[in-house]
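The block underneath contains the structure these notes are about, expressed in structure tokens.
The values are calculated or read from the model by the stated rules, or taken from the named source; none is laboratory data. Please read these numbers as outputs of a predicted model, since none were measured by experiment. As a convention, Cβ positions derive from the backbone with ideal geometry for all residues, glycine included, and neighbour counts pool all protein chains shown.
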Amino acid sequence: MLLSSPAGNDLPFDESLCEQGRNFANKIWNAFRLINGWQQNAATMPADERDYTAAISWFQSKLDAEITNINDLYAKYRISEALMATYKLIWDDFCSWYLELVKPALGCSMKKEVLEATINSFETLLKLLHPFMPFITEEIWHSLKDRNENDFIIVASWPKVINANTQILSDFDAAAELVSQIRNLRKTKNIPMREALPVTYLKGSFAGHEQFHSLVSKLCNLSELSEVQAKPTGQNSIVIREHEYFIDAGNMINKDEERIRIKSELDYTVSFLDSVMKKLSNERFMANAKNDIVAMEQKKKSDAEARIKLLQEQLVALSN
């Protein structure tokens, strides 16, 4: 009900809202069960020795950024928006991304420092959610680890912001987009997840989100994610922002279907660039817009132009 009650409006109640709340409670409880299982297996199974530093750093910065946003929404009495921000932080960022990123390999336990960071982040999320869902958060708070008789979440201090790293947030967004596109390619081309795919990119073509490449490989089951000296021919490619990745799917890709997909994306990008150019050529807009707004539109222009160039090259490569 709180999600659907913005300030000043009537409450459009529907039973589906109760279902949404139930599903959210189940999601939180299942996240607790997963983490609790990692705790129980810590002493009985070999530890997964992979480096999860990037995942931990990203989520801590995400937490800091969202706590700042949530605090601002509370200050403005925009309670439904504060709840929605908390909801998305837990469901999308923590459950759908972070827990999948740090989940140890089959037959292994989680490294101690990764488990501690995960529990600390989960505790922070419980604090953020407690004003809206006090019973399940208090229950999980006491089940998560041993606490003294005065350690209740209702009197726990509100989370403090350390310092959100905007660069790592941007780098992760690019890595997440890469994961989504590779998964989408598997789905549209009927490539099963059990078949490992090799993915490459041009040497020196970009810098930034390489720190997430091992995690991308894990989530997408890649046999490799590496640099190449020259652009390969006859391979499927995807564009993430202005960067291009090449996927060797052998004969599993239908070139005619791929040509149609790229042409559709090219048409959309050309149309998008046209709308940006109209805005930048508008004298009134340029005279009244703030410098950061103009800079943002110019960045959109350069990104769209780079994307159009890559898509055109992909069409040419498919024709050869």
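Is one or more of the residues making up the stretch 54-74 modelled with pLDDT under 90 and over 20 Å from Leu169 (Cα atoms)?
Taking the stretch 54-74 first, the residues modelled with pLDDT under 90 are none.
No, the stretch 54-74 contains no residue that is modelled with pLDDT under 90 and over 20 Å from Leu169 (Cα atoms).
Kindly list, by first and then second residue, each pair from a residue in the stretch 172-185 that is in contact (Cβ under 8 Å) with a residue 24 or more places away in the chain to a residue that is among the polar types (S, T, N, Q), limited to pairs with Cβ atoms under 7 Å and residues at least 6 apart or on different chains. Short answer, once both residue conditions are applied: Leu185/Asn236.
Say we look at the stretch 3-20 and pick out the residues that are touching a residue at least 40 places away in the same chain (Cβ under 8 Å) and under 25 Å from the mean Cα position of the chain (by Cα); which of these is farthest from Glu139 (Cα to Cα)? Explain how you work it out, then say what you get.
Pass one, the stretch 3-20, residues touching a residue at least 40 places away in the same chain (Cβ under 8 Å): 3-7.
Among the residues that remain, those that are also under 25 Å from the mean Cα position of the chain (by Cα) are: 3-4.
Details: Leu3: 23, Ser4: 26 Å.
The selected residue is Ser4.
Filtered by the rule that a residue be polar (S, T, N, Q), surrounded by 11 or more Cβ atoms within 10 Å (Cβ to Cβ) and not assigned by TED's automatic domain parsing to the domain that holds Glu123, the stretch 1-56 gives Ser4, Ser5.
The residue that is surrounded by the most Cβ atoms within 10 Å (Cβ to Cβ), among those in the stretch 118-165 that are more than 19 Å from Asp64 (Cα to Cα) and aliphatic (A, V, I, L, M), is Ile140. When the stretch 275-319 is limited to residues that are in a helix (DSSP H, G or I) and hydroxyl-bearing (Ser, Thr, Tyr), the one that is surrounded by the fewest Cβ atoms within 10 Å (Cβ to Cβ) turns out to be Ser319. Of everything in the stretch 101-113 that is under 20 Å from the mean Cα position of the chain (by Cα) and closer than 10 Å to Asp48 by Cα, the residue that is surrounded by the fewest Cβ atoms within 10 Å (Cβ to Cβ) is Lys103. In the stretch 174-203, which residue that is surrounded by fewer than 19 Cβ atoms within 10 Å (Cβ to Cβ) and touching a strand residue (DSSP E or B) at 6+ places or on another chain (Cβ under 6 Å) is nearest to Glu227 (Cα to Cα)? The extreme case among them is Lys203.
Within the stretch 94-120, residues that are outside the structural domain of Leu215 (by TED's automatic domain parsing) reach partners that are among the aromatic types (Phe, Trp, Tyr) with beta carbons closer than 6 Å, at six or more positions or on different chains, in the pairs Tyr98/Phe59; Val102/Tyr52; Met110/Trp38; Val114/Tyr52; Leu115/Trp38.
All conditions but one from (1) under 20 Å from Leu185 (Cβ atoms); (2) of a type outside the set (Val, Ile, Thr); (3) surrounded by fewer than 16 Cβ atoms within 10 Å (Cβ to Cβ) apply to Leu266; the one that does not is (3).
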